[in-house]
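Structure, as structure tokens:
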Amino acid sequence: MTSLLDVDGVVWLAGRPIPEAPEAVARLRAAGERVVFLSNNSGPTVAEYLDALHAAGFPAGPEDLVTSAQAAASMLAPGQRAAVVGAAGIEEALRERGVEVVPAGAHPDAVVVGRSLTFDYHELARAATAIRDGARFVATNTDATYPTPDGPLPGAGALVAFVATASGRQAEVAGKPHRPVAELVMARFGTPRVMVGDRPETDGLMAGAVGAPFALVLSGSTSRSDLPVQPEPALVADDLAGAVDQLLAGALAQD
């Protein structure tokens, strides 16, 4: 069976492993579970993700990773042309799909917007203009914030909101909990045993989209003071280690 793990706020915070999370993943694997990392952060390339996971104590291969950039690319057809507001992970996923990456001023078929640390006003303005001129508007995700050890930082949703306001159009969203990433996960792994995440509005709804129980951890964007939450999780734990303790003790056996 497959355990689907959110990355940011579950296994690490901005690349720093959450205490006991590497050991928890190792225990899942030792118990025969397939561990798949699912991230709404579209910025890193696959190699960058795998290098960071390995450095943090989570060895994984490309077959163990699903990103919102890959989900966004799956929404476009090979041979189409797309402009990107975001980082290299989006461009890599588009090229692997056979989509040509072009400037926003080159009349793209779509504009794909994700989290970026280097955007500027003019780049966002050109993206909005391309969408007003008829380009499809695709967002890798709409997470408002990105969890870090020092608190939340702006997420992709902040850029998506800018482009939506400037273009007068709402985005089609690829990442958790939306249909494109759910279909990508189901096609590759079938129905997971569990979806472990820190955000009910993304991870909890994603669990429902793939027909899996939701395990909520309180090491990222949700704290104990936020409880109760909807959708209601099948189990709640302080962190991934606590969630794995419950899973291996048979907490979801009735499911």
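Ordering Phe189, Leu124, Thr202 by Cα displacement along the dipole of the chain toward the positive end leaves Leu124 in first place; charges were set at the Cβ atoms of Lys, Arg (+1) and Asp, Glu (-1).
Given charges of +1 on the Cβ of Lys and Arg and -1 on the Cβ of Asp and Glu, with all other atoms neutral, how large is the dipole of the chain about its Cα centre, in debye to the nearest 20? Around 580 debye, computed over the chain.
When both the stretch 23-40 and the stretch 61-131 are represented by their alpha-carbon centers, they are found 29 Å apart.
Using 0.36 nm per residue and subtracting the Cα-Cα separation, the extra length available between Arg224 and Ala14 on full extension is 73.5 nm. Compared with the dominant Cα axis of the chain, that is its longest principal axis, helix 46-56 is turned about 30°.
Shape index of the stretch 136-255: Rg/Rh, with Rg the Cα radius of gyration and Rh the Kirkwood radius from the inverse mean 1/r over Cα pairs, equals 1.01.
Computed over the chain, relative contact order equals 20 percent, with contacts defined as Cα pairs under 8 Å that lie 6+ residues apart. Starting from the amide H of Val85, placed 1.01 Å from N in the peptide plane, find each other amide H under 5 Å away whose residue is 5 or more places distant or on another chain. The answer is Val112, Val113, Gly114. For the stretch 1-78, the Cα-based Rg and Dmax, in that order, read 12.7, 42 Å. Only the Cβ atoms of Lys and Arg (+1) and of Asp and Glu (-1) were treated as charged; on that basis the dipole of the stretch 72-173 about its Cα centre amounts to roughly 260 debye. Remark: the Ala77-Ala106 segment gains 8.7 nm on full extension, using 0.36 nm per residue and subtracting the alpha carbon distance. The angle between the Cα long axis of helix 21-30 and the main principal axis of the chain comes to about 70°, on a 0 to 90 degree scale.
You can think of it this way: the chain between Ala52 and Arg29 has 6.4 nm of extra reach, that is 0.36 nm per residue less the Cα-Cα gap. Against the compact-protein benchmark of 2.2 N^0.38 Å, the Cα-based radius of gyration of the stretch 72-173 scales to 1.01.
By DSSP, the beta bridges lying fully in the chain are antiparallel in about 10 percent of cases.
Counted by Cβ distance under 11 Å from Tyr49, the other residues give a net charge of -4, where Lys and Arg count +1 and Asp and Glu count -1.
Over the chain, DSSP H runs of length four or greater, each weighted -39,500 (n - 2.57), average out per residue to a 222 nm ellipticity of -10000 deg cm²/dmol. Here Gln246 and Ala158 are evaluated by their C-beta separation; at R0 = 41 Å the FRET efficiency comes out at 0.75. Just to confirm a number: summing +1 for Lys and Arg and -1 for Asp and Glu over residues other than Asp109 whose beta-carbon lies under 12 angstrom from that of Asp109, what do you get? Net charge in that neighbourhood comes out at 0. P(r) tail for the chain: Cα pairs beyond 32 Å make up 20% of the total.
Taking amide H positions as modeled 1.01 Å from N, with prolines and chain starts lacking one, the residues under 5 Å from Gly9 and 5 or more places away or on another chain are Ala14. Coupling constants for the stretch 188-200 follow from the phi torsions by the Karplus curve (6.51 cos²θ - 1.76 cosθ + 1.60, θ = phi - 60°), and in residue order they are 8, 10, x, 7, x, 5, 7, 10, 9, x, 10, 10, x Hz; glycine and proline get x. Which net charge results for the neighbourhood of Ala128, defined as the other residues with beta-carbon distances under 14 angstrom from its beta-carbon, given Lys and Arg at +1 and Asp and Glu at -1? Charge balance near Ala128 sits at +1.
The H on the amide N of Tyr146, modeled in the peptide plane, is under 5 Å from the matching H of Leu153, Gly155, each at least 5 residues off or on a different chain.
Only the coordinates and a few stated rules stand behind these numbers; no lab work does. These numbers come from a predicted model, not from an experiment. In this analysis, Cβ positions are derived from the backbone assuming ideal geometry, glycine residues included, and neighbour counts consider all displayed protein chains.
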